[in-house]
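Here is the structure we will look at, set down as structure tokens.
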Amino acid sequence: GLLGYIHWSKKEHCIEETHPSDEDVTDVYLHEEQLRIFPEYAKFVQSFDFKQIRKDPHYHRHVPWPAIVYHQLQEWKKKKDGATPKTWGEKDAFKEQIQAASLVYHEEMNFHEAVRNAHKACVKPTLTYELTQVLGDDSAKKLSSNTKPFWFVIHGMIKFMEKDSQGFLPVNASIPDMTSLPEMYVKLQKMFRARERQDLDKIEEHVNAALESVGKQKGSISTDYIDRIAKHIRTVAVVRCQKIEAAYDSKQSNADELNEIFTEWEEPKKWNEEEDGPPPLQPKNIYWYFGMRAAERFRTEKGRYPGAGKEEDVADDTKALTEIMTAMFKEYNIQSKMEPAICQEIVRFGAKEIHNTAAMVGGVASQMCLKLIVKQFNPFDNIFVFNGIHCTSNVYKF
């Protein structure tokens, strides 16, 4: 019919690059503690003499924003006894100070960029929740000859942060675009690339030491693989799923989590009764998921899907499917009321496969497979339900 779901499971899926689109993971190494361990970069941002630069408006509006933020932070610290902006009010005041330092603010895009990125000099970079979980995982600490290459690289990263970078992640050469004279930006890029290579070499040394410690050959993990993980360390993640059979065993399910899914708020679906007639069934998609699961049980018992037999079997199929779904709600300790109309609709579908629904679900499944193969992008974790009646979808994990 107009319904479908995908359920995937893997004991451990290591994502080498998640490609986050909703957060900025770039690190321009502008915090004062980072500058101490990146002296070439510190020397670069310190080299700008703004008293002289203000005499040349063209040059002034092409100074890279990290240099602007650095110098304005030094001015701030002079006035505040060496303290950096910490509260929201102080950070807003710091941004206003940067804006006031421009010649003609609306014409100087580099100062706009400096205001937008001012916090990067004030706040010490933090690790994402996903990365914290990866770096703290036992798999990276308890190595053996059977450990995956991914975890050897993570182990090397941990050692690098402990011994070589004072707890910071390695420098990444992918600095953001910025308003600047070409020669300044090229110089900045070369500086970051050189330091990135230096950091990657140190990480590789730690990886090789770990390999030898468990009796594996030095260099058995390629430099290219180590570089790929280390360069994208800010976006790595690990997904671990329950076994599929666990979802089909009510004894292994968590009733509290399941009931929370049934009772969580969902935005009401819009429907114009005057134009479109009476609204169709509108239960949450979790109900439809259990309806499809009940249809699978029906098929196991009777050798066919409900509604796929003779026309005179419809009433009996509906009754049988309702009894199966009611029993499932009891098995899983689901407190919400079972919706018999769901069973009626599934029987009415008669196991027919609508081309657009099949294309939608199949497209999601193929995209999911591609993510698992290339080990990039976040896969849904771990049940996807599509409702073609309302063109909605949900992801559930249990």
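The values are calculated or read from the model by the stated rules, or taken from the named source; none is laboratory data. Predicted model, so just to flag it, every value in this text is computed and none were measured. Glycine also receives a Cβ, built like all others from the backbone with ideal geometry; neighbour counts cover every protein chain displayed. When the accessible area is computed, the model is the full protein with side chains, heavy atoms only, and any ligands, DNA or RNA have been set aside. Shrake-Rupley method; radii C 1.70, N 1.55, O 1.52, S 1.80 Å.
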* **Coil-residue GluC sites (Glu not before Pro) of the stretch 3-87, DSSP, other Cβ within 10 Å capped at 15** => Glu12, Glu23
* Asked: With all pairs of different alpha carbon atoms counted, what Kirkwood hydrodynamic radius in Å does the stretch 190-294 show?
  -> 19.9 Å
* Relative contact order of the stretch 273-396, defined on C-alpha pairs under 8 angstrom at six or more residues apart (%) -> 26 percent
* Rounded to 10°, Cα long-axis angle of helix 355-374 versus longest principal axis of the chain -> 40 degrees
* What is the local net charge at Thr84, summed over the other residues whose Cβ is closer than 15 Å to its Cβ (Lys, Arg +1; Asp, Glu -1)? -> +4
* Report Met325's accessible area, 1.4 Å probe, all protein chains in place, as a number in Å² to the nearest 10. => 0 Å²
* Structure fact -> For Thr26, placing the label point 7 angstrom along Cα-to-beta-carbon and taking the stretch 166-204, residues whose amide nitrogen sits under 12 Å are 173-180, 189
* Just order 57-70, 248-261 by mean Cβ neighbour count inside 10 Å, highest at the front, would you? => 57-70, 248-261
* Pairs of Cα atoms under 8 Å, at least six residues apart: use those to get the relative contact order of the chain, whole percent. => 27 percent
* **Given Lys51/Lys78; Lys91/Lys187; Lys141/Lys216; Lys243/Lys319; Lys284/Lys397; Lys91/Lys120, the pairs whose alpha carbons are separated by over 21 Å** => Lys91/Lys187; Lys243/Lys319
* Using 0.36 nm per residue of separation minus the Cα-Cα distance, give me the extension gain between Thr326 and Tyr129 in nm, one decimal. => 67.0 nm
* Karplus couplings for the stretch 149-165 from phi (6.51 cos²θ - 1.76 cosθ + 1.60, θ = phi - 60°), rounded to Hz, Gly and Pro as x? -> x, 3, 6, 5, 5, 4, 4, x, 5, 4, 5, 4, 5, 6, 9, 10, 10
* Asked: Which value results when the Cα radius of gyration for the stretch 142-200 is divided by 2.2 N^0.38 Å?
  -> 1.51
* Asked: HN-Hα J couplings of the stretch 255-260 from phi, Karplus 6.51/-1.76/1.60, θ = phi - 60°, integer Hz, Gly and Pro as x?
  -> 4, 5, 5, 5, 5, 5
* Asked: Largest first, how would Val28, Val238 line up by accessible area (1.4 Å probe)?
  -> Val238, Val28
* Any idea what the dipole of the stretch 295-337 comes to, in debye rounded to 20, about its Cα centre with Lys/Arg Cβ at +1 and Asp/Glu Cβ at -1? -> 180 debye
* In Å, descending, principal axis extents of the Cα set of the stretch 128-242 -> 50, 33, 24
* Asked: Considering every pair of different Cα atoms, what Kirkwood radius, in Å, is found for the stretch 73-187?
  -> 17.7 Å
* To the nearest 10 degrees, how steep is helix 65-79 against the longest Cα principal axis of the chain, on a 0 to 90 scale? -> 70 degrees
* To do: Could you do me a favour and compute the accessible area per residue for the stretch 318-398, 1.4 Å probe, result in Å²?
  => 54 Å²
* **Cα centroid separation, the stretch 180-237 to the stretch 317-362 (Å)** => 52 Å
* Quickly rank 330-341, 155-166, 205-216 as a protection proxy: mean count of other C-beta atoms within 10 Å, highest first. => 155-166, 205-216, 330-341
* **Top positive-direction residue, dipole computed over the stretch 232-350 with Cβ charges, set His232, Gln344, Tyr289** => His232
* Asked: Assigning unit charges at the beta carbon (Lys, Arg +1; Asp, Glu -1) and nothing else, what dipole magnitude in debye, to the nearest 20, does the stretch 1-92 show about its Cα centre?
  -> 540 debye
* If you place +1 on the Cβ of every Lys and Arg, -1 on the Cβ of every Asp and Glu, and leave all else neutral, what size is the dipole of the stretch 45-125 about its Cα centre, to the nearest 20 Debye? -> 280 debye
* Structure fact -> One point scatterer per Cα, no solvent, Debye formula: log10 I(q)/I(0) for the chain at q = 0.09 Å⁻¹ comes out as -0.77
* Crossing angle, helix 182-213 versus the chain [Cα axis fit, 0-90 degrees, rounded to tens] -> 60 degrees
* Structure fact -> Rg/Rh over Cα atoms for the stretch 1-51, Kirkwood Rh, comes to 1.38
* **Rounded, prolate or oblate (a/c below 1.5 giving rounded, otherwise prolate when a/b exceeds b/c) for the stretch 273-360 by Cα gyration tensor** => oblate
* To do: Give me the net charge of Gln252's neighbourhood, meaning all other residues with Cβ under 13 Å from the Cβ of Gln252; Lys, Arg count +1, Asp, Glu -1.
  => -2
* To do: Specify which residue in the list Gln74, Phe38, Trp8 is farthest towards the positive end of the charge dipole of the stretch 1-151, using unit charges on the beta carbon of Lys, Arg (+1) and Asp, Glu (-1), about the Cα centre.
  => Gln74
* Solvent-accessible area per residue for the stretch 81-147 at a 1.4 Å probe radius, Å²? -> 59 Å²
* **Theoretical ellipticity at 222 nm over the chain - DSSP helices of four or more residues, -39500 (n - 2.57) apiece, nearest 500** => -15500 deg cm²/dmol
* To do: Using all C-alpha to C-alpha distances in the stretch 1-98, build P(r) with 5 Å bins and read off the rounded percent in each one.
  => 2, 9, 14, 15, 15, 12, 7, 5, 4, 5, 5, 4, 3, 1, 0
* Interchain or long-range residues, amide H under 5 Å from Val238's placed H -> Ile15
* Ignoring ligands, DNA and RNA, what percent of the accessible area of the chain is carbon or sulfur (1.4 Å)? -> 50 percent
